[in-house]
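A.B. asks: What follows is a single structure, and I will ask about it in a moment.
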Amino acid sequence: MINNHAGHSCAEQGYIYLWALFAVALAGAVLAGVGPMWQIESQRQKEIELLYVGDQFKRAIESYYNNSSGKAKRYPESLEQLLEDRSSLVIKRHLRKIFRDPMTNSLDWGLIEQADVGITGIYSRSDKAPLKRANFPEQYSGFAEAKSYKDWKFVHAGGESETKSQRAKTPQAGSPNTAPANPFARDQATAGSSPFSQNQPASGDNPFSQNP
């Protein structure tokens, strides 16, 4: 009787062990299938965040430019100046904080700078290829051809136009007195149009989340 009971107990343990192996194998197969899907969805969410954050920087730079005092409009010399603009008697806040780059999870943004002008835009330092290839807002339509997130440049159109007009006045020898087309020309800002005119960034849902 003792031997029969021991044999029955060993058989039960064997079945439990087999079921445990089956469960582990099944879980591994499920995770293998879900893992890539989760990574793709995570990247799409980061793209939405990058579009929103980049647009916030662009608007803040535009606000700084529009509110700069004096005859010659100026751009910020650092991103920190967007948080606390002391160029006039009244301190202005064009951006509520320096956002992290969702693609690199760092504050190390690529800066688009023009000599003797300042920072006119920012971009991510990520070399990763974007998933999003269509349905961009008009001012960012050029992003559809981007090879990496570094090509998603959030730049104030005024800075591009101003720099090109300066170059047009001093053309190189043998080169035509023309400037290349500005892909952001349709996004030219006008004074008073910035949502930061009250020195406070706009709040609300991310408008890019409705446009995958």
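A.B. asks: Loop-only check: which GluC sites (Glu not before Pro) in the range 69-120 are DSSP coil with at most 15 other Cβ within 10 angstrom? Spell out each step's value before the answer.
C.D. replies: Details: sites: Glu77, Glu80, Glu84, Glu113; in loops: Glu77, Glu84.
Here the sparse-neighbourhood loop sites are Glu77, Glu84.
A.B. asks: Multiplying the sequence separation of Ser42 and Tyr15 by 0.36 nm and subtracting their Cα-Cα distance, what value in nm do you get? It would help to have the intermediate numbers written out before the result.
C.D. replies: Numbers: separation 27, 0.36 × 27 = 9.72 nm, distance 3.93 nm.
Between Ser42 and Tyr15, full extension yields an extra 5.8 nm.
A.B. asks: Taking all protein chains as present, what is the carbon and sulfur share of the accessible area of the range 67-157, in % to the nearest whole number, probe 1.4 Å? Mind showing how you got there, number by number?
C.D. replies: Values: 2300 of 4880 Å².
Within the range 67-157, the accessible surface is 47 percent carbon and sulfur.
A.B. asks: For Phe136, Phe57, write out the residues from largest to smallest accessible area, computed with a 1.4 angstrom probe and no ligands counted. Could the numbers behind the result be given before it?
C.D. replies: Working: Phe136 30, Phe57 0 Å².
Sorted descending by solvent-accessible area, the residues read Phe136, Phe57.
A.B. asks: Turning to a different aspect of this structure: In sequence order, what are the phi-derived ³J(HN,Hα) couplings for the range 100-115 according to the Karplus relation 6.51 cos²θ - 1.76 cosθ + 1.60 with θ = phi - 60°, rounded to whole Hz, with x for glycine and proline?
C.D. replies: Karplus-based 3J(HN,Hα) across the range 100-115 equals 7, 6, x, 7, 10, 6, 9, 9, 8, 8, x, 10, 9, 10, 10, 4 Hz.
A.B. asks: What residues have an amide H closer than 5 Å to that of Lys128, excluding those fewer than 5 places away on the same chain, when H is modeled at 1.01 Å from N in the peptide plane?
C.D. replies: Under 5 Å from the amide H of Lys128 lie the amide H atoms of Tyr149, each far enough along the sequence or on another chain.
A.B. asks: Still on this model: Among Asp116, Asp101, what's the order by accessible area (1.4 angstrom probe), most exposed first? Walk me through the numbers on the way to the answer.
C.D. replies: Numbers: Asp116 145, Asp101 0 Å².
I get Asp116, Asp101, largest accessible area first.
A.B. asks: Separate question: How about the range 64-109: which trypsin sites (Lys or Arg not before Pro) there lie in a loop by DSSP and see at most 12 other Cβ atoms within 10 Å? Intermediate values should be presented prior to the final figure.
C.D. replies: Details: sites: Lys71, Lys73, Arg74, Arg86, Lys92, Arg93, Arg96, Lys97, Arg100; in loops: Lys71, Lys73, Arg74, Arg86, Arg93, Arg96, Lys97, Arg100.
Sites meeting the loop and neighbour criteria: Lys71, Arg86, Lys97.
A.B. asks: With a 1.4 Å probe and all protein chains in place, put Leu111, Leu83, Leu21, Leu95 in order of accessible area, largest first. Present the calculation step by step, with values, prior to reporting the outcome.
C.D. replies: Numbers: Leu111 65, Leu83 40, Leu21 85, Leu95 0 Å².
Listed by decreasing accessible area, they come as Leu21, Leu111, Leu83, Leu95.
A.B. asks: For the range 71-143, what is the accessible area per residue in Å², given a 1.4 Å probe and the full set of protein chains?
C.D. replies: Values: 4100 Å² over 73 residues.
With all protein chains present, the range 71-143 gives 56 Å² per residue.
The values are calculated or read from the model by the stated rules, or taken from the named source; none is laboratory data. Treat the numbers as computed from the prediction; the structure is a model and nothing was measured. Using ideal geometry, Cβ is built from the backbone for each residue, glycine included, and neighbour counts are taken over all protein chains shown. Heavy atoms of the whole protein, side chains included, go into the accessibility calculation; ligands, DNA and RNA do not. Shrake-Rupley method; radii C 1.70, N 1.55, O 1.52, S 1.80 Å.
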